[in-house]
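Read-outs throughout are calculated quantities, based only on the coordinates presented, and are distinct from any laboratory measurement. Everything quoted here is computed from the prediction, not taken from an experiment. Positions of Cβ are backbone-derived with ideal geometry, glycine not excepted, and every protein chain shown enters the neighbour counts.
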Amino acid sequence: MQRDHEETQRTAGSGLLERPSKSYLIQYTALLTRNPTDMAVHLTEADDFNAILAEQRRELAAAQAVDSDSEYAFQLQMQEIANASASLPSASSSQPPPANADVSATSPDVLSFSSAAVVMLEEMERYALERNDREQCMAEFKRMREDLDRRVYDQKFAAEITTIPEGEWQNYGDNYHKPYEAGGSSSSSSSGVSECFRVYSKGLVSEEYFRDRKIPVVGIGVAICDFKDNVVLEIKKPWIEGGLVSELEAEIQAIVQGLDAALCLDLKRVTFFVNDNCLYYVTGQKSHGCSKVMALVNQASVLRRKFTQCEPSLLLGPNFVKFAFKLARDAIVAQISWPEETPFGMKRKETCAICFEDTDVSNMFSIDQCLHRYCLSCMKKHVEAKLHDGVAIQCPHDGCNSNIAIDSCEKFLEPNLVSIMSQRIKEVSVPATERVYCPYPRCSALMSEREVLEYSRTSFIGAEQSGARRCIRCQQFFCLFCRVPWHYNMSCTDFRSCNPNPAREDAKLKSLANEKRWRQCIKCNHMVELASGCYHITCRCGYEFCYTCGAMWKNKKPTCTCPIWDPRNIIRGWQ
């Protein structure tokens, strides 16, 4: 290379227009067009990939330098010729070439190595990076296989210990040992023959808001567990597929990903769980008309044949695939969030589907059951509105009936609202006719009649007949019939005759109700205030009555002769 370089420089200095020699071209063309994949096979066999790859980088860098120097010398030569031509007197039969003429474009032997060398270097770097990633991945899978093998071995060893008689264990237990290395440190494939692992998979198809538009996204979640459902491997990844993807395609694709990961772990016996919609297709009982679905089914069938045992099992409920569902949902969230520079550094943003504002991911609230996500501000307004209406709090997503856990709302609600929410949720779960409140002011715990009766039977003989109950929270006794603290050595009739007047708090409430013209539901004892509308009242417990006199309504008709409405309550703005 150095000799060719010096020859080119000497030629340029002599004033002759020449390019590098043919041997130079052939040598570096062969070097630059060498197949890196073919080289990798040879280098892997020689087990010296890094050293030879570094040597090839040096050769390519040298080739770039030689080509750059040769090109520079050639350009100097062209400039000298142009300057010499410009100094000669012009002739009518010939014109001097312009100073900026591209003479090299007319030469058929022109070959530039700079761009080719850059491409080759980038290709080598990419291949080296991929090879390094593959080696790290294989090392990680090897570590996981060894961990699986050790875990199975420990479980077998623990089961073996339980079969040792107690007397023998007391005498010789300290000397009983069976190290993993000496006791059967076999490969994971041998242990996997006797142990059956479980593959849970979930494919989710959803339409999510990404900034100012709604886009379809697909998330794949896979969880491989041992026979005790201890998670061994988790996979969450998006599935980018051209065109629309059906839920069936996403589910089968998740199965394919799960089986492929199980093969990478060298597992021999697995059970993969599917829903009833996928079961008929993966077992071959049904054939789908969509070619994409059948291609995925065939792919799953090919993977199944690589196992010693690979059987599908029907999912018995959503809890069995909950962690795989969360992984798939996380994969979707990763697709609808984006990085954005803020004064506090780089943050990830996400669009709330209620207010359509771009919000920091840390300020998004994820509902436990369905994993729908909304910003904390919108969730706070939603929960407070439901608390004000006194109804169960569910996910605000259209058509979703998932309940919102109380503990999860502590992130955006004040502590007193959390306690109110807990109370309201329990009120909804207990029928109105069975609700019992502790009469002690400092407790006021809500219970159901059946719940408090079962609890009181263990501490009070004859509780069902006497009406004595024990509060589950404060542990104090009270009377179910009189709704007061327990009146010892006194029957309910005697207590009422001795206390004809209501308690001070009850008297204040009754006075306020008369002043505000409130009505009390005779079924659940809740106070009702008519703000607007007719006098036909439907309590939240379902009881219907007349607001004027309290008479019950039957079959949507009043049983009294009171007027059904007052125009002042019907027409807005009535003066």
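Just the Cα atoms of region 345-484: what Rg and Dmax do they give in Å?
20.0, 69
For the pair SER362/CYS264, report the inter-label distance in nm, with labels modelled 7 Å from Cα in the Cβ direction.
3.1
Distance in nm between label sites at SER246 and VAL428, each 7 Å beyond Cα in the beta-carbon direction?
3.5
Rounded, prolate or oblate: which one fits region 196-331, using the alpha carbon gyration tensor with axes a ≥ b ≥ c (rounded when a/c is under 1.5, else prolate when a/b beats b/c, else oblate)? If you can, show how the numbers build up before the last one.
Details: a/c = 1.89, a/b = 1.31, b/c = 1.44.
Oblate.
Need the full-extension length gain, LEU512 to LYS292, defined as separation in residues times 0.36 nm minus the C-alpha distance. One decimal, nm. Show your work: numbers first, answer last.
Working: separation 220, 0.36 × 220 = 79.20 nm, distance 6.98 nm.
Going from the current span to full extension adds 72.2 nm.
With a cut-off of 8 Å between alpha carbons and a minimum separation of six or more residues, what is the relative contact order of region 354-429 in percent?
Working: 70 pairs, mean separation 19.7, N = 76.
26 percent.
For CYS355 and LYS156, what is the calculated FRET efficiency with R₀ set at 35 Å and r taken between the beta-carbons, to the nearest 0.05?
Values: r = 56 Å, r/R0 = 1.59.
Here the calculated transfer efficiency is 0.05.
Roughly how many Å is it from the Cα centre of region 375-413 to that of region 273-325, as a whole number?
That distance is 36 Å.
What is the spin-label model distance, in nm, from TRP169 to ASN403 if the labels are put 7 Å beyond Cα along the C-beta direction?
Here the modelled spin labels are 4.1 nm apart.
Quick check: residue separation of ALA445 and GLN309 times 0.36 nm, minus the Cα distance between them. What number comes out in nm? Display every interim value, and only then the final one.
On the way: separation 136, 0.36 × 136 = 48.96 nm, distance 5.50 nm.
Contour length minus the Cα-Cα distance gives 43.5 nm.
Can you give the local net charge around ILE255? Use residues other than it whose beta-carbon is closer than 10 angstrom to its beta-carbon, Lys and Arg +1, Asp and Glu -1. Display every interim value, and only then the final one.
Values: positive: LYS202, ARG304; negative: GLU251, ASP260.
Once positives and negatives cancel, what remains is 0.
What ranking of ILE255, ILE420, ILE461 emerges when the number of other C-beta atoms within 10 Å of each C-beta is taken as an exposure proxy, fewest first?
With the fewest neighbours first, ILE255, ILE420, ILE461 line up as ILE461, ILE420, ILE255.
So between PHE460 and SER301, what do we pick up on full extension, going 0.36 nm a residue minus the alpha carbon distance?
Working: separation 159, 0.36 × 159 = 57.24 nm, distance 6.44 nm.
The PHE460-SER301 span can extend by a further 50.8 nm.
For TRP486, what charge total do you get from the other residues with a beta carbon under 12 Å from its beta carbon, if Lys and Arg give +1 and Asp and Glu give -1? Display every interim value, and only then the final one.
Working: positive: ARG469, ARG470, ARG483; negative: none.
Overall, the nearby charge balance is +3.
Rounded to a whole number, what is D in µm²/s for region 264-307 from Stokes-Einstein with the Kirkwood radius over alpha-carbon pairs (37 °C, 0.692 mPa s)? Write down the numbers at each step before the final one.
Values: Rh = 11.5 Å.
Once the numbers are plugged in, D ends up at 286 µm²/s.
Just want the ordering: TYR280, TYR172, from fewest to most Cβ atoms lying within 10 Å of their own Cβ.
Working: TYR280 13, TYR172 10.
Fewest-to-most ranking of TYR280, TYR172: TYR172, TYR280.
First select every other residue whose beta carbon is under 13 angstrom from the beta carbon of ARG304; then total the charges, Lys and Arg +1, Asp and Glu -1.
Values: positive: LYS268, ARG269, ARG305, LYS306; negative: ASP260, GLU311.
Residues near ARG304 contribute +2 overall.
Can you sort ARG450, ARG435, ARG470 from fewest to most other Cβ atoms within 10 Å of each residue's own Cβ? Let's see the in-between values first.
On the way: ARG450 12, ARG435 17, ARG470 20.
Fewest-to-most Cβ neighbours within 10 Å comes out as ARG450, ARG435, ARG470.
Using a Cα-Cα cut-off of under 29 Å, which lysines could be cross-linked to LYS411, ignoring same-chain neighbours fewer than 8 residues away?
LYS202, LYS214, LYS236, LYS237, LYS322, LYS326, LYS347, LYS349, LYS380, LYS381, LYS386, LYS426
For region 414-438 and region 358-372, what is the centre-to-centre distance using only Cα atoms, to the nearest Å?
26
How are the C-alpha pair distances of region 354-429 spread across 10 Å bins, as whole percents from the shortest bin up?
Computed distribution, short to long bins: 19, 56, 23, 2.
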